[in-house]
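Worksheet for the structure shown next.
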Amino acid sequence: MTTIAFLLGIAAVAMALGSRAKLPTASVLIAAGWLLRVWGAPLDDEIVRETLLLSATFLVFLVGIEVDPGHVAGRFRRAGALALLQMLALGAVALGAAPWLGIEPMHALYLALAFSASSTLLVVEILRRRGQFYEPFARTVLGAVLLQDFLVLLALAGLGLVDSGFDQAMTVAGGVMALVTTGVLLSRYLAPYVLTRMNLDEEEQILFVVAVLFAFVGLAHVCDLPLVTGAFFAGHALARFPVGGLVRGHVLTFSDFFITAFFVSLGASLVLPDPSALLAEGLFLVVIVVVVPLILVPLFRRGGASLRSSLEGVGLMAQCGELGIVVALVGLSRGHLSEPELGMVIVVATVTMMFVGLFSNERFVWGLVHRLPSRAPRAVDVPLNDHVIVIGCGESGRVLVDELHGKVGLAVIDDDPSVVSELEARGIVAVRGDGSDAAVLGRVAPERARVVVSTMRRLADNLRIVRACGRTPVLVRVFAPEEAEAVRELGGRAVVESELTTRAFLGWFDERFARGPEADPGSAA
């Protein structure tokens, strides 16, 4: 109890100070836990590790709830390639460097698995905070980290069968099948019925969610699977709409406790490495943060993402998270990892999780975009003057392009190569690239354009476009009044999506109902 009291006490102080100073919560809690260790607080290492394992297991459950697999539907092929490529690259490095670093092959496999598991929870939190959760590149990243979690857990179960007999192998295989089958049945039938049709009060719904978690974890224990495997499938069984929304609201009431416990116990587990481990930790840090992103960026690009979105995506994946620590703790309990190797995973996870926000933020990414070598863009051969520039040819942009084609000169900027090829086949000037990049925008002569229309999602991108276009009128689609005000302050003209939707509805309502039943063509029926 003394250890728990120290952990929670220092966490409360750190949260208060971090909130006042507006510092990242995770970094503050990790630093607080580490200071607790440095100051010589009477901590029981076994209790700290159990707290770390328990809270990480709950975070994996929370990850499952946070992301409905339907949200990334249609992107699993690209996401699967990203996940496999990252895992194979880290596996090759770990096994190749194992003899040189004095690491046994089995230990190297656990290290490769641990370093392959990016923090899905951290990725979700960053994307939500930045308002990027529904962007195409974000859905690809979410699909990749979800598949990573699934593959890592399967591999972890497989490594547990080393030196085991046929009966145990069948038990593990049967356990995985039972978790998958139970999860599908619960997701499709039982959970929607219990949580949306039985009129349970809030406490009863919370009890049902907790019961599901305990049932899946218990099934994993009976089948000799790591407890985190049961937590993972339990989370995904409750993630589908509309159940996921209800469950997320309930879990928020106690999720902050486990998140706080995880980060502060992670800091308390952090021990400064001895010189012999620095080389191995440095190697894996370089591979995770530098080498793997360089491998993954071309795969992002082939999927149609711009260079900036590709760099943001790999920046989010370039880290080791909570599941990696669980892998290391399970490996230690099985005798397949040593204490120094567990410490190595904790150090790498701590460093990468603290800096993932930096590696993927807008300023850092734009700095890389303007410094990395790239292919020279193809020049626009058609002379442009008094034309309309459309930035972003998604659903909204496509309607505008179709309406204006043939009536006025058009130039379209989009980062999807298939869209650009299609527009060029129709005789429309199309440029592939990031519309908020001044160099890309300059290729379609915004200074001679009649008007520029931006359908890009991010406010920062639209503000950059308004600045780059000078005196040329810029129409910007925005989603909130405060965004509209920011655009107008720079001289742009904001089109608020919600206002357009309301006007369209009122027009339809007036036409159908406000004039009386005789105005409705279907009223006679």
- Query: Which semi-axis lengths, in whole Å and largest first, follow from the square roots of five times the eigenvalues of the Cα gyration tensor of region 424-469?
  - Reply: 18, 13, 10
- Helix 45-66: inclination vs the chain longest Cα principal axis, degrees, rounded to 10, gives 30 degrees
- Quick one: dipole size for region 264-416, taken about the Cα centre, charges +1 on Lys/Arg Cβ and -1 on Asp/Glu Cβ, in debye to the nearest 20. 300 debye
- Note on the structure: Note: residue 445 to residue 1 extended length (0.36 nm per residue) minus current alpha-carbon separation gives 153.0 nm
- Note on the structure: By the Cα gyration tensor axes a ≥ b ≥ c (a/c under 1.5 gives rounded; else a/b larger than b/c gives prolate, otherwise oblate), the shape of region 203-291 is prolate
- Item | For region 153-238, the fraction of alpha-carbon pairs in successive 10 Å shells from zero, as % | 18, 44, 24, 11, 3
- Task: Calculate the radius of gyration of the Cα atoms of region 166-320 to one decimal place, then report Dmax, the largest Cα-Cα distance, as a whole number, both in Å.
- Result: 20.6, 60
- Under 5 Å from the placed amide H of residue 431, counting only residues 5+ away or on other chains, we find 412, 413, 414
- Message: Compute the helix-to-body angle for 2-21: its Cα long axis versus the longest principal axis of the chain, expressed 0 to 90° and rounded to tens.
- Response: 20 degrees
- Query: In percent, how large is the relative contact order of the chain, given Cα pairs closer than 8 Å and 6 or more residues apart?
  - Reply: 16 percent
- Note on the structure: Carbon plus sulfur, as percent of the 1.4 Å-probe accessible area of the chain, comes to 63 percent
- Message: Please compute one quarter of the surface area of the Cα convex hull for the chain and express it in square nanometres.
- Response: 31.3 nm²
- Item | region 116-180 and region 481-497: distance between their alpha carbon centers, rounded to Å | 41 Å
- Accessible area per residue of the chain at 1.4 Å probe, in Å²? 47 Å²
- Query: With every protein chain left in place, what is the accessible area of residue 420 in Å² (1.4 Å probe, nearest 10)?
  - Reply: 10 Å²
- Task: Largest first and in whole Å, give the semi-axes of region 100-146's equivalent ellipsoid, each being the square root of 5 times a Cα gyration tensor eigenvalue.
- Result: 32, 10, 7
- Item | Rounded to whole Å, sorted largest first: equivalent-ellipsoid semi-axes of region 1-138, Cα gyration tensor | 31, 25, 13
- Message: Quick check on region 62-146: take the gyration tensor over C-alpha atoms, sort the square-rooted eigenvalues as a ≥ b ≥ c, and tell me if it's rounded (a/c under 1.5), prolate or oblate.
- Response: prolate
- Query: Sorted by mean Cβ packing within 10 Å, highest first, what order do the peptides 362-369, 151-158, 410-417, 254-261 take?
  - Reply: 410-417, 151-158, 254-261, 362-369
- Give me the angle, in degrees from 0 to 90, between the Cα long axis of helix 292-302 and the longest principal axis of the Cα atoms of the chain, rounded to the nearest 10. 30 degrees
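The values are calculated or read from the model by the stated rules, or taken from the named source; none is laboratory data. Values in this document were obtained by computation on a predicted structure and should not be read as measured data. Don't worry about glycine lacking a Cβ; one is built from the backbone with ideal geometry, like all the others, and counts go over all protein chains shown. Each accessible area value is taken on the protein alone, full model and side chains, heavy atoms only, with ligands, DNA and RNA left out. Shrake-Rupley method; radii C 1.70, N 1.55, O 1.52, S 1.80 Å.
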